[in-house]
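Novice: Can you keep this structure in mind? I'll have questions shortly.
Laboratory data are not the source of any read-out in this text; all were calculated from the coordinates shown. These numbers come from a predicted model, not from an experiment. Here the Cβ positions follow ideal geometry from the backbone for every residue, glycine too, while neighbour counts run over all protein chains shown.
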Amino acid sequence: MTGAGRVWVTRTEPGASRTAARLTALGFTPLIAPVLEVRPIAQDAPDLSPYAALAFTSPNGVAAFTALTPDRSQPVFAVGDATAERARQAGYDSVISASGDLSDLAWRLAASASGRVLVPGAKQPAGDLDELLDGAVETVRLPVYEAVATKARPPEGFDAVLLHSPRAAHAVARTLGREGGRDRLAVAISPAAATPLATAGFVQIRIAGEPTDAAVLEALGNPAARV
């Protein structure tokens, strides 16, 4: 699929608009209809004194957490470059990016973190960081936002759909129903995000080479992307 295709962008804002702008530049027609929305979890400012560092698994986690506290003194470990950039924009000076997925973050924490690490993130995280760390680092999870399903319907006449998370993929699969993806292409950010799509009847499901928006868009325009 190259150029002029109508592409359903399912990710939450503000990421959806960034992806849409990149699609337009590549010659696609973006159709923004997020299947999830992020809602911060109201709570008091956390006591950061017991923690040697923070670990963020998404830009949404950074945004929700930094709204709770003005403290930017802790070093930050970020799952990827977009999350790291959001942390820098929020005012953190010491930011290390794992430049990958959750397993890369676990490796980076095991190699570099010393002391207890606070992990602000989703109420229902997509993966288990503790399991990946296997006791190498003590972490404490702090839910700071939840992703809830929207009432978005599939855009009329879409040719392809982009899935940036397993939860989004589950929502799309439920919305489309069995065989609802017939004659259409799906591009998933990871194997975990591809799995829920199996029943939707997509003509092809491509998986990005790495868990980034850029890799998703590369897979969209590359028929040789892995399936």
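Novice: Going by amide H atoms built from the backbone, whose H comes under 5 Å of the H on F77, apart from near neighbours?
Specialist: L54, A55, F56, I96
Novice: Summing Lys, Arg as +1 and Asp, Glu as -1, what charge do residues with Cβ under 15 Å from the Cβ of S112 carry, S112 excluded?
Specialist: Combined, the nearby Lys, Arg, Asp and Glu give 0.
Novice: About the Cα centre of region 47-144, what is the dipole size in debye to 20, counting +1 per Lys and Arg Cβ and -1 per Asp and Glu Cβ, all else neutral?
Specialist: Charge dipole of region 47-144: 280 debye, to the nearest 20.
Novice: Taking a ≥ b ≥ c as the square roots of the Cα gyration tensor eigenvalues, with a/c under 1.5 meaning rounded and otherwise prolate when a/b beats b/c, else oblate, which class fits the chain?
Specialist: The shape class here is prolate.
Novice: Continuing with the same structure: Given an 8 Å cut-off on Cα distances and at least 6 residues of separation, report the relative contact order of the chain as a percent.
Specialist: About 20 percent, as a whole number.
Novice: Further question on the same structure: What does a probe at A52 reach in region 83-114, counting residues whose amide N is under 19 Å from the point 7 Å along Cα→Cβ?
Specialist: Hits in region 83-114 for A52 at 19 Å: 93-98, 105-114.
Novice: Taking amide hydrogens as modeled 1.01 Å from N in the peptide plane, which residues meet the under 5 Å criterion relative to W8, leaving out close sequence neighbours?
Specialist: Distant-sequence amide H within range of W8: L31, D159, A160, V161, L162.
Novice: Then there's this: Which one of F56, L132, P191 has its Cα pushed farthest toward the positive end of the charge dipole of the chain, where Lys and Arg give +1 and Asp and Glu give -1 at the Cβ?
Specialist: Value: P191.
Novice: In deg cm²/dmol, rounded to 500, what helix-only [θ] at 222 nm does the chain give when every DSSP H run of at least 4 residues adds -39500 (n - 2.57) and the total is split over its residues?
Specialist: -8000 deg cm²/dmol
Novice: To the nearest 0.05, what FRET efficiency results for R116 and E37 with a Förster distance of 35 Å applied to their C-beta separation?
Specialist: 0.65
Novice: Treating only the Cβ atoms of Lys and Arg (+1) and Asp and Glu (-1) as charged, compute the dipole magnitude of the chain about its Cα centre; round to the nearest 20 debye.
Specialist: 720
Novice: Could you order peptides 183-193, 150-160, 28-38 by the average number of other Cβ atoms within 10 Å of their residues, highest first?
Specialist: 183-193, 28-38, 150-160
Novice: Which residues does the label zone of Q124 cover in region 174-206, counting backbone N under 13 Å from a point 7 Å along Cα→Cβ?
Specialist: 174
Novice: Here's a follow-up. By count of other Cβ within 10 Å, fewest leading, how are D104, D47 ordered?
Specialist: Going from least to most buried by this count: D47, D104.
Novice: With a 10 Å radius around each residue's Cβ, average the other Cβ atoms per peptide and rank 173-179, 199-205, highest first.
Specialist: Highest-to-lowest ranking by the protection proxy: 199-205, 173-179.
Novice: Here's something else I'd like to know. How large are Rg and Dmax for region 47-144 when only the alpha carbon atoms are used, in Å?
Specialist: Using the Cα atoms of region 47-144, the pair Rg, Dmax is 11.7, 32 Å.
Novice: Next question, about the same structure. As I understand it, the dipole of region 47-144 uses +1 on the Cβ of Lys and Arg and -1 on the Cβ of Asp and Glu, about the Cα centre. Which of A82, S97, F65 lies farthest toward its positive end?
Specialist: F65
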